[in-house]
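Participant: Sharing a structure here in structure tokens format.
The values are calculated or read from the model by the stated rules, or taken from the named source; none is laboratory data. Because the structure is predicted, anything quoted here is derived from the model rather than measured. Methodologically, a virtual Cβ is constructed for each residue, glycine included, from the backbone with ideal geometry; neighbour enumeration extends over all protein chains shown. Surface accessibility is based on the protein's heavy atoms, side chains included, excluding ligands, DNA and RNA. Shrake-Rupley method; radii C 1.70, N 1.55, O 1.52, S 1.80 Å.
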Amino acid sequence: QVQLVESGGGLVQAGGSLRLSCTYFGSSSRGYGMGWFRQAPGKEREFVAAIIWSGGSTSYADSVKGRFTISRDNAKNTMYLQMNSLKPEDTAVYLCAAGTFFGSNASGYRYWGQGTQVTVSS
């Protein structure tokens, strides 16, 4: 069993930055790929970024490329999402996910956090 806890969300003005964290618990998490997804009210869950266990390979949605950076520190059991140049359309609940998978398909991830709200004001 793996538990995921997100933190770091909040309210920020357009053009600002936030760093989200996802701490994972559970010995079975070793080797897992992880990802960030987001869901805005009335919209489907959307892929944001993914990273493999070693951190050596990453993937991003086109909408966040060049603005967001995913990383992880397995010694701290934590994954990060550095978000720069935020836009109002980035407003959503951001969720982290983990599983024996790497990619943009949400169904490939077995474990999910509860999410953290990010609100970008114009």
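Participant: Across segment 14-29, what is the total count of residues that are modelled with pLDDT under 95 and at positive phi?
Facilitator: Qualifying residue count for the region: 1.
Participant: List the number of the failed condition for Ala14; all other conditions in (1) among the aliphatic types (A, V, I, L, M); (2) closer than 17 Å to Gly115 by Cβ; (3) in contact (Cβ under 8 Å) with a residue 60 or more places away in the chain hold.
Facilitator: So the condition that Ala14 fails would be (2).
Participant: Name every residue in segment 104-118 that is in a strand (DSSP E or B) and open to solvent by 30 Å² or more (accessible area, probe 1.4 Å), in order of residue number. Can you show your working first?
Facilitator: To start, the set of residues in segment 104-118 that are in a strand (DSSP E or B) comprises 111-112, 116-118.
Scanning segment 104-118 gives Trp112, Gln117.
Participant: Further question on the same structure: Are any of the residues in segment 51-64 under 11 Å from the mean Cα position of the chain (by Cα), in contact (Cβ under 8 Å) with a residue 24 or more places away in the chain and closer than 24 Å to Ala14 by Cα? I'd like the intermediate steps shown before the answer.
Facilitator: First, the residues of segment 51-64 that are under 11 Å from the mean Cα position of the chain (by Cα): 51, 60.
Still in the list and also in contact (Cβ under 8 Å) with a residue 24 or more places away in the chain: 51.
Going one step further and asking which of them are closer than 24 Å to Ala14 by Cα, we end up with none.
No, the conditions are met nowhere in segment 51-64.
Participant: Please go through (1) under 15 Å from Glu6 (Cα atoms); (2) touching a strand residue (DSSP E or B) at 6+ places or on another chain (Cβ under 6 Å); (3) of a type in the set (Asp, Glu) for Asp73 and return the number of the only condition it doesn't satisfy.
Facilitator: Checking Asp73 against (1) under 15 Å from Glu6 (Cα atoms); (2) touching a strand residue (DSSP E or B) at 6+ places or on another chain (Cβ under 6 Å); (3) of a type in the set (Asp, Glu), the one that fails is (2).
Participant: Residues that are open to solvent by less than 60 Å² (accessible area, probe 1.4 Å) and not hydroxyl-bearing (Ser, Thr, Tyr): find the strands (runs of 3 or more DSSP E) completely inside segment 9-103 holding 2 or more of those. Full working, then the answer.
Facilitator: Details: elements: 10-13, 18-25, 33-39, 46-51, 58-60, 68-73, 78-83, 92-99.
Hits in segment 9-103: 10-13, 18-25, 33-39, 46-51, 68-73, 78-83, 92-99.
Participant: Test Tyr32 against the stated conditions and say whether it is aromatic (Phe, Trp, Tyr) and at pLDDT below 95. Give the steps one after another, and end with the answer.
Facilitator: On the way: aromatic (Phe, Trp, Tyr): yes; at pLDDT below 95: yes.
The answer is yes for Tyr32.
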